[in-house]
Amino acid sequence: MRKKLVPEERPICNAVTVYRERGNYLQRLEQFEKAILAYNEALRWNNSDVGSLLGRSLARAKATYYAGALEDAARAAHLEPENMTALQIRAQIEYEKCEFERALVLAYRGQRCRFLPPDFADCIRCAEETIRECAGEVAAKTLSSTVKLLHEINMVDKALSITANIPVRKTRMETRTTRQIQEISRVEKQKAEHISRVMASKYLEQMAHDKYFLTTLCKDERLNSANKQGSQKLQMLANKALADIEKRQAVLRERKPLYAARAPEAAARARLSKVRRLRIGNAQRQHATDARRLVNAAQDLYEKRDTAKCLEAAEFGMEQISRIPSNMLPGKDIFLQQLYNIVANAFLDQKRVRDEMSEADREKRSFILLGIPISREPSRDSILRTRPPAPPRDAKRRLRVLERALATSTRAPERCYVLHELARLHADTKQAHRAKFYALKCQGESRSAGQRTWLLNATFLLARCHILQNNRPESRAALIEGAGLARSYGYNDVAAFFDTCVDVSLEGEIGSTDSILVKREKAMVSLMQDDDMRMAAEHLFRRMSVIPASRRFSVMPGARPESAPATRRISIMPKTQQPVRIAYKTRHPLGYQDFDV
């Protein structure tokens, strides 16, 4: 009989590398059994391959085959004595095998080597902490309690041996055994469930969801059905799967305690907090740069004496800076303070005059800033060219914003700015009473806070409000007060402008000479019968013109036409009941027709 010819097996090119890399790939996929087979095939072609030995050692350790893992690591260390990776794997396997002292010795031995060793610090730390926990105070307490318990057990055994011959009388009544149930609070139960879920997520990762499902399934009442055998089989399978997962979790927990599993988490939190701090720092620097740019833009416009654009840029900068939270812009109050100072100086610069400026130009500027209409020629003066800024298109919206800012403001410069803007806006919209109210409040706030620039601006604005009310004496008094304040503060140019405004305040006309009220006065004088009564009426009207417009009755001559109400005022007398009118219905006989002939 002929023998069957079997071809001689020849080594494949790079077979060791192929199977070793396959084992590494399967080990990354946590398919340890298949990885061990791949490493076995690689070692079959070359039994002295250190990489395959170390890979199979790691795979066996993760599959809980610790004896074979130690053999592979020892063989790799014998083949390459200077290989620190083999020594580290041996130390880690000894630790997972619960040989903590041997693992600590191997880790210290690897750390003392002069070569570039792997990181033995983690293994040393885990082994030291575990040894301290096992051999520390807890072990001493356990041993002391055990010794006491053994002593008590011996004493009880001796007592029982003495009384063993005494008959024991049994009662006929059955004693009811009371079961002691130790209940835990709801908070403790929730805490225990939370710790259990955390440990499952740390050790099982994706399989933690399987554990949650199986735990719920084992306690589910719907698992018991009419099919008894099927229900028992399902219950057995669920319990077995849950036991396997819990065993896997216990093995993984024995390899790495919970504090070691949480160590990467703490490092990740530290990295995340570092990145967050870096991002916040970058945002703070960016916001500071933007705020500085807004302040510089307003300052440049102020230096160019462009009042309208300067106020617009400052208002835009305040709006943008106010939106930024304080923690994202550390110097937020400083930037806002700079903008408030720029606005105050911009308003005060309107009241500065040069020595070489003519008296006519000073009077023209006074007329325009006080709100007295004049017929003027085109001027080269920047203040006369720009004029005070007109009220915004949506004045009501601007008023709402300012009133909200006044309610929330706490700093004195901010309150002075908001009060001045409210007074100026009401003056531009011809609401003299409200403008005067806010101007007086701004004057008091700036005087109490020591804001000199805002005090001069508020004083001039108060004089403008008196001009709007046709109250020339009080306007002149406010301007004289402002001139004295400016001279005491060292603003001589501003004091000179206030002096010019004092001379101008009694000039000009608020209303036209041919207004409705003047015609009414002339008509009332013409109705007098004789010359004596006519002269008395004219004297009375002259006396009434001295009274400020805000204190006169609305129908008296001399009051502004705008202040008179358009409709009839409601009387304070109670409304009388009108008589009831009876409407009689005309009745016509049947067949009546009204023909239009």
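Ranked highest first by average number of other Cβ atoms within 10 Å, how do 463-471, 43-51 line up? It would help to have the intermediate numbers written out before the result.
Numbers: 463-471: 24.4, 43-51: 16.1.
So the order, starting with the most tightly packed, is 463-471, 43-51.
Considering only Cα-Cα distances, which of the following residue pairs are longer than 31 Å: 34/274; 332/396; 191/247; 97/189?
Table pairs above 31 Å Cα-Cα are 34/274; 97/189.
Order of 353-359, 492-498, 398-404 by packing, highest average Cβ count within 10 Å first? Display every interim value, and only then the final one.
Numbers: 353-359: 11.4, 492-498: 20.6, 398-404: 14.6.
By packing density, highest mean first, the sequence is 492-498, 398-404, 353-359.
Which FRET efficiency value, to the nearest 0.05, do you get for residue 185 and residue 349 by plugging their Cβ-Cβ distance into 1/(1 + (r/R0)^6) with R0 = 51 Å?
Working: r = 73 Å, r/R0 = 1.43.
The computed FRET efficiency comes out at 0.10.
No value in this document is a laboratory result; all are computed from the given coordinates. Source: prediction; values computed, not measured. Backbone-built Cβ (ideal geometry, glycine too); neighbour counts: all protein chains shown.
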